[in-house]
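The values are calculated or read from the model by the stated rules, or taken from the named source; none is laboratory data. What you see is a predicted model; the values in this text were computed from it and never measured. Cβ sites come from the backbone with ideal geometry, for glycine too, and all protein chains shown count toward neighbours. Only protein heavy atoms, including side chains, enter the accessible area calculation; ligands, DNA and RNA are left aside. Shrake-Rupley method; radii C 1.70, N 1.55, O 1.52, S 1.80 Å.
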Amino acid sequence: DDAAGQAVFDDLIEADSRVEPRDWMPAAYRRTLVRQISQHAHSEIIGMQPEGNWITRAPSLQRKAILMAKVQDEAGHGLYLYSATQTLGITRDEMTQQLIDGKARYSSIFNYPTPTWADMGAIGWLVDGAAIVNQVPLCRCSYGPYARAMIRICKEESFHQRQGFEILLTLMQGTAAQRQMAQESVDRWYWPSLMMFGPPDDESPNSARSMAWKIKRFSNDDLRQRFIGMLVPQAEVLGITLPDPELAWDEDAQQWHTSPIDWNEFSEVLAGRGPMNAVRIQTRRDAHEGGAWVRAAAAEYARKQALRDAE
Ligand code: ACO
């Protein structure tokens with residue numbers, strides 16, 4: 001019964017063990033996981049678009065091969081994460097429908113445009129860099145299927161981050177125009193990448209409970225701080241300026257002091273009014289409709305195969 005189930009669940013969480021799909025779990029824990037993991041899956045799938053934009057225009061064959069591999073990795077991450085979410089009792093069809101109806105959240109970061117090649121570098125360095133900082137602790141998430149999916153995803157994200165850094169490094173060693181393109185791209189992506197970690201702790205309605213359940217291991221602000229600490233020395237190596245004149249280590253507070261983050265911009269993007277929200281959803285909807293014949297053919301093949309097997 002529920003009381004016995006709750007006691008077993010509480011013990012599992014207390015002991016830092018893993019909750020598995022067939023275990024009893026509180027309804028709110030299940031809902032929280034469906035919310036977070038499906039959002040994460042959607043982010044990976046929508047996240048293919050900003051970079052997909054540059055596959056045909058990558059500056060060399062090698063760059064193109066790397067970029068294609070990276071975008072395919074993101075599709076793979078989306079698929080693992082949809083599978084992990086399905087273990088909680090929602091179908092992939094339902095999740096896809098929520099996404100193309102514009103009812104599901106996905107990361108704010110993918111609602112910004114990618115006008116230059118340097119954006120491939122800035123996305124790798126900043127966006128995948130933020131993703132790693134956020135996701136490494138998720139490898140220890142209390143829900144088994146999510147935690148296990150994150151292990152491979154984090155390894156691939158590390159590669160993505162390095163390839164982005166290397167794109168920026170190459171540009172920074174190039175012409176004045178290339179250096180300027182790299183700097184402008186970082187100027188555009190820096191603040192949105194800080195917003196990826198979510199609202200400040202005192203405005204994060206889900207954090208306390210998710211941390212008690214050991215879904216989240218660190219708060220949004222703690223991870224944001226850790227990310228800034230990672231960027232500062234790397235920006236120095238690149239010779240790139242992080243676009244925050246106030247950025248400094250505060251010795252007393254033992255944390256990075258930053259200019260205020262524009263949370264109004266964040267809430268506009270979450271409300272669907274970011275620069276690329278409408279385009280992202282429309283592109284995903286078109287792709288879904290364009291793939292209808294593939295799904296129909298696969299279903300028909302499965303039906304015939306089942307008939308043949310029954311003979
Ligand atoms: N973009 C869109 N929505 C966001 C973002 C963001 N960057 N940050 C927070 N939100 C939403 C939350 O989903 C929540 O909305 P909801 O209740 O309608 O679902 C609301 O803002 C309040 O935020 P929190 O209470 O802080 O929510 P939560 O505890 O879920 O923390 C976080 C947000 C840190 C993003 C968490 O969900 C998480 O770690 N998710 C997994 C990682 C992930 O999704 N990464 C995708 C980005 S990049 C990538 O992986 C390719």
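Here is how the numbers come out for the structure above:
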{"item": "Within the accessible area of segment 96-242 (1.4 Å probe), percent carbon and sulfur", "result": "55 percent"}
{"item": "Cross-link table LYS70/LYS304; LYS64/LYS155; LYS64/LYS214; LYS64/LYS216; LYS64/LYS304; LYS103/LYS304, entries beyond 29 Å C-alpha to C-alpha", "result": "LYS70/LYS304; LYS64/LYS214; LYS64/LYS216; LYS64/LYS304; LYS103/LYS304"}
{"item": "Segment 173-220: C-alpha gyration tensor shape, a/c 1.5 cut-off, then a/b vs b/c", "result": "prolate"}
{"item": "Residues of segment 140-166 with amide N under 13 Å of the 7 Å Cα→Cβ point at ASP16", "result": "140-142"}
{"item": "R0 of 22 Å, Cβ-Cβ distance VAL8-ARG30: FRET efficiency to nearest 0.05", "result": "0.90"}
{"item": "Overall form of the chain per C-alpha gyration tensor (a/c, 1.5; a/b vs b/c)", "result": "oblate"}
{"item": "Distance in nm between pseudo-label sites at SER83 and ALA306 (7 Å out along the Cβ direction from Cα)", "result": "2.2 nm"}
{"item": "Segment 45-119 pair-distance distribution - Cα-Cα, 5 Å bins, rounded %", "result": "3, 14, 20, 23, 16, 11, 8, 4, 1"}
{"item": "Heavy-atom accessible area order for HIS40, HIS77, HIS257, largest first, 1.4 Å probe", "result": "HIS257, HIS40, HIS77"}
{"item": "VAL8 accessible area, 1.4 Å probe, all protein chains in place, Å² to nearest 10", "result": "90 Å²"}
{"item": "Rounded, prolate or oblate (a/c below 1.5 giving rounded, otherwise prolate when a/b exceeds b/c) for segment 56-95 by Cα gyration tensor", "result": "prolate"}
{"item": "Label point 7 Å beyond Cα of ARG152 along Cβ direction - residues of segment 67-104 with amide nitrogen under 11 Å", "result": "76-81"}
{"item": "Heavy-atom surface of segment 136-278, accessible at 1.4 Å and reported per residue (Å²)", "result": "50 Å²"}
{"item": "Label-point gap, in nm, between ASP187 and ARG57 - each point 7 angstrom along Cα→Cβ", "result": "1.9 nm"}
{"item": "Residue order for LYS155, LYS216, LYS70 - accessible surface, 1.4 angstrom probe, largest first", "result": "LYS155, LYS216, LYS70"}
{"item": "Using a Förster distance of 41 Å, the FRET efficiency for ALA297-ALA65 (Cβ separation, nearest 0.05)", "result": "0.90"}
{"item": "Carbon plus sulfur fraction of accessible area for segment 21-72, probe 1.4 Å, in percent", "result": "57 percent"}
{"item": "Debye, to nearest 20: dipole size of segment 67-159, +1 on Lys, Arg Cβ, -1 on Asp, Glu Cβ", "result": "300 debye"}
{"item": "Protection-proxy order for peptides 41-50, 279-288, each taking the mean of Cβ atoms within 10 Å per residue, highest first", "result": "41-50, 279-288"}
{"item": "Rotationally averaged projected area of segment 127-247 (alpha carbon convex hull; nm²)", "result": "7.8 nm²"}
{"item": "Rounded Å value of the spacing that divides the Cα centres of segment 238-282 and segment 1-80", "result": "23 Å"}
{"item": "PHE9, PHE218, reordered so the largest accessible area comes first (probe 1.4 Å)", "result": "PHE218, PHE9"}
